[in-house]
Amino acid sequence: MTVLRMMTIDDLPVVVQLNNHAYPAVPITPLAEMAELTRLADVAMVVDDDGDLLGFVLAFHPGSPYDSENYRFFEQRGTDSLYVDRIVIAESARSQGLGAVLYQAVFQAARAEGREEVTCEVNVDPPNPGSMAFHERLGFREVGRQATKGGAVTVALLAAPVTESSD
């Protein structure tokens, strides 16, 4: 049975594997760094299929001590948003609606907290057209672009309004 649940420390080794397998869509992240990200995250959830983790999401409230170039862009933008740092679905489980399920949980959390929008970024160099199309279907629109990681990556910075129906 597939369920959405809070991430636990026991999930971290598999979360790191999922994350690192999704490179370059998300940065390679060692276990200790993933543990710290998870500790700081305000939303840390996994899709669990009878003990087989199929995906995860990490998101941050405004005012977090999280030190990310993309997070800082949204902080400086000044809107009250729930920032999705990363969302990863196992390659074998893609195109099954699990990304939308994770985003539905993020939008529900943002709505419950009274946030204005959900924000994230998607790589445009190196390109990630599948992710861009997915986010556009969910109502995300580009609000900026920036070079990150010393110019090695360019991202589209995206925002979607939190409404009664956004999920």
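Key figures
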quantity	calculated
Subset of the stretch 25-41 (residues that are without any contact (Cβ under 8 Å) to a residue 24 or more places away in the chain and either surrounded by fewer than 16 Cβ atoms within 10 Å (Cβ to Cβ) or β-branched (Val, Ile, Thr) (or both))	Ile28, Thr29, Pro30, Leu31, Ala32, Glu33, Glu36, Arg39
Qualifying residues in the stretch 140-151 (those that are outside any strand (DSSP E or B) and more than 21 Å from Val47 (Cβ to Cβ)) - the one least open to solvent (accessible area, probe 1.4 Å)	Gly151
Lone qualifier among Val16, Val88, Val47, Val57 - being among the β-branched types (Val, Ile, Thr), over 15 Å from Ser131 (Cβ atoms) and surrounded by 20 or more Cβ atoms within 10 Å (Cβ to Cβ)	Val47
Condition met for Val124 (under 20 Å from Leu58 (Cβ atoms), open to solvent by less than 70 Å² (accessible area, probe 1.4 Å) and touching a strand residue (DSSP E or B) at 6+ places or on another chain (Cβ under 9 Å))	no
Lone unmet requirement of (1) modelled with pLDDT of 95 or more; (2) part of a loop (DSSP other than H, G, I, E, B); (3) among the acidic types (Asp, Glu) for Asp167	(1)
Condition broken by Ala110, with the remaining ones in (1) open to solvent by 30 Å² or more (accessible area, probe 1.4 Å); (2) closer than 25 Å to Glu36 by Cα satisfied	(1)
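The values are calculated or read from the model by the stated rules, or taken from the named source; none is laboratory data. Quick caveat, the model's predicted, so the values are computed rather than measured. Positions of Cβ are backbone-derived with ideal geometry, glycine not excepted, and every protein chain shown enters the neighbour counts. Ligands, DNA and RNA are excluded from the accessible area calculation, which covers all protein heavy atoms including side chains. Shrake-Rupley method; radii C 1.70, N 1.55, O 1.52, S 1.80 Å.
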